[in-house]
Amino acid sequence: MITALMTKRFCFFPIFWLLAIGVALPGCLPVLTVPQEQELQGRTMGTTYSIKFFSQQAVDSQLLQQRVEQELELINDLMSTYRPASELMQFNRQQTTEPFMISEPTAKVIAEAIRIAEQTEGVLDITIAPLVELWGFGAAGRVSERPAAAELAAVSAYIGIDKISLTGQRLQKTEPRLALDLSTIAKGYGVDRLAEILDSAGIKDYMVDIGGEMRVKGSKPDRPWRVAIEKPVAGDRAVQRIITPGNMAMATSGDYRNYFEQDGVRYSHLIDPRTAEPVQHRTVSSTVIHPSSMTADGYATALHIMNAAEALQFANQHQLAALLIVKTDDGFSELASEAFKPFLVDEVR
């Protein structure tokens with residue numbers, strides 16, 4: 001509980017009289033002070049962000065939001081594929097194999113993406129930027145039909161996590177045409193950075209959300225923070241399950257909002273680098289709980305690209321708290337890793 005008790009001296013009045021007037025006289029009885037929820041909102045990374053927090057101390061919300069906006073702008077200037085002058089796009093445009101010096105934040109994100117890529121044997125692959133564009137899910141805009149097989153084969157020749165190396169802040173590619181896309185992990189990094197800003201401001205009870213990637217700490221005055229996992233149905237914002245994650249981050253990857261259809265086949269933005277095509281299995285949502293939102297973001301994407309059996313096996317092998325929602329003929333079923341089961345305290349909605 002974050003409720004604080006302000007101790008003041010007692011005066012002695014008939015109890016029934018105090019109840020009748022319904023107030024505590026100033027300077028006489030303890031006054032229970034409950035902090036009010038404060039919220040900051042805005043747009044970033046092609047989506048929205050929200051910060052909810054409680055604080056016993058006075059907080060300059062305007063100054064805090066200013067710090068938040070500056071941090072988000074910096075992350076976009078470093079890692080966005082939608083800003084031609086971003087650090088990432090400068091590297092992508094460099095058609096050589098010479099080392100390219102990158103900032104410490106970008107190096108941190110790429111290093112974690114490489115680690116997860118190696119652990120998942122290339123399932124999470126930030127070198128798929130050309131495939132993302134070819135399938136119409138990048139900055140160049142939408143397409144209405146699947147790319148030709150020859151196009152996919154040509155692009156696939158210069159994709160692969162083994163074609164980049166990172167030493168400190170020196171990033172290098174072995175294939176000049178290679179390009180990176182950090183959208184599978186950068187939002188999570190942004191959440192972590194905003195959480196660090198709140199920590200530095202002395203705020204101990206908060207929830208940070210950027211486009212569904214979250215991190216929570218502390219609690220509300222009356223109960224823990226609770227996070228909803230959406231029912232994976234396009235055009236519907238119903239709740240599948242409520243989770244109480246504690247002081248953790250939570251990321252969800254889904255294929256039911258960002259897609260196009262051709263000849264009755266749905267092509268989502270989740271591309272399997274092993275096939276160069278969007279996933280076609282029946283997993284519709286993957287959620288991961290982890291101390292780091294950046295790491296949860298990357299793992300949630302990787303588990304969604306795997307089929308359900310493969311993803312569950314991987315999560316259990318690496319002690320990941322993961323929940324998969326799989327489409328069935330009768331609706332949806334849930335598959336939880338052993339590490340996720342302690343979080344399943346609420347009923348399915």
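The values are calculated or read from the model by the stated rules, or taken from the named source; none is laboratory data. Computed from a prediction, not measured in an experiment: that's the story for all the values here. Here the Cβ positions follow ideal geometry from the backbone for every residue, glycine too, while neighbour counts run over all protein chains shown.
Would you mind listing the helices (runs of 4 or more DSSP H) fully within region 1-96 where at least 2 residues are over 28 Å from residue 212 (Cα atoms), at pLDDT below 95 and of a type in the set (Val, Ile, Thr)? Steps first, please.
Working: elements: 15-21, 61-79, 87-93.
Because the criterion is at least 2 residues that are over 28 Å from residue 212 (Cα atoms), at pLDDT below 95 and of a type in the set (Val, Ile, Thr), the helices (runs of 4 or more DSSP H) in region 1-96 that meet it are 15-21.
Under 26 Å from residue 77 (Cβ atoms), acidic (Asp, Glu), modelled with pLDDT of 85 or more and part of a loop (DSSP other than H, G, I, E, B), is that true of residue 181?
For residue 181, the condition - under 26 Å from residue 77 (Cβ atoms), acidic (Asp, Glu), modelled with pLDDT of 85 or more and part of a loop (DSSP other than H, G, I, E, B) - is met.
For region 136-164, give me each residue that is out of contact with any Gly (no Cβ under 7 Å at 6 or more places or on another chain) and among the charged types (D, E, K, R).
Residues satisfying the conditions are 145, 146, 151, 162, 163.
For region 310-317, does any single residue satisfy the condition of being outside any loop (DSSP other than H, G, I, E, B) and touching a residue at least 40 places away in the same chain (Cβ under 8 Å)?
Yes; the residues of region 310-317 include at least one that is outside any loop (DSSP other than H, G, I, E, B) and touching a residue at least 40 places away in the same chain (Cβ under 8 Å).
Report the residue count in region 95-147 for those that are touching a strand residue (DSSP E or B) at 6+ places or on another chain (Cβ under 7 Å), surrounded by 17 or more Cβ atoms within 10 Å (Cβ to Cβ) and among the small types (Gly, Ala, Ser).
2
Residue check, residue 203 against (1) among the hydrophobic types (A, V, I, L, M, F, W, C); (2) touching a helix residue (DSSP H, G or I) at 6+ places or on another chain (Cβ under 6 Å); (3) in a loop (DSSP other than H, G, I, E, B), all met but one. Which one?
(2)
Please go through region 174-225 and pick out each residue that is over 21 Å from the mean Cα position of the chain (by Cα) and within 23 Å of residue 132 (Cα to Cα).
Answer for region 174-225, where residues must be over 21 Å from the mean Cα position of the chain (by Cα) and within 23 Å of residue 132 (Cα to Cα): 174, 175, 176, 177, 178, 179.
Would you pick out the residues in region 137-150 that are under 25 Å from residue 46 (Cβ atoms) and free of Cβ contacts under 8 Å to residues at least 60 places away in the same chain?
Here is the first cut: in region 137-150, the ones under 25 Å from residue 46 (Cβ atoms) are 137-147.
Selection gives 138, 139, 140, 141, 147.
Output yes when any residue across region 101-120 is in a loop (DSSP other than H, G, I, E, B) and at pLDDT below 95, and no when none is.
For region 101-120, residues in a loop (DSSP other than H, G, I, E, B) and at pLDDT below 95: absent.
Which ones in region 148-173 are part of a loop (DSSP other than H, G, I, E, B) and either more than 26 Å from the chain's Cα centre (by Cα) or exposed (fewer than 14 other Cβ atoms within 10 Å of the Cβ) (or both)?
148, 157, 158, 168
Can you tell me which residue within region 246-270, out of those that are closer than 30 Å to residue 55 by Cβ and surrounded by 20 or more Cβ atoms within 10 Å (Cβ to Cβ), is modelled with the lowest pLDDT? Walk me through it before giving the result.
Going residue by residue through region 246-270, those that are closer than 30 Å to residue 55 by Cβ are 246-252.
In the following step, the residues that additionally are surrounded by 20 or more Cβ atoms within 10 Å (Cβ to Cβ) were identified as 248-252.
Working: 248: 97, 249: 97, 250: 96, 251: 95, 252: 92.
The qualifying residue modelled with the lowest pLDDT is 252.
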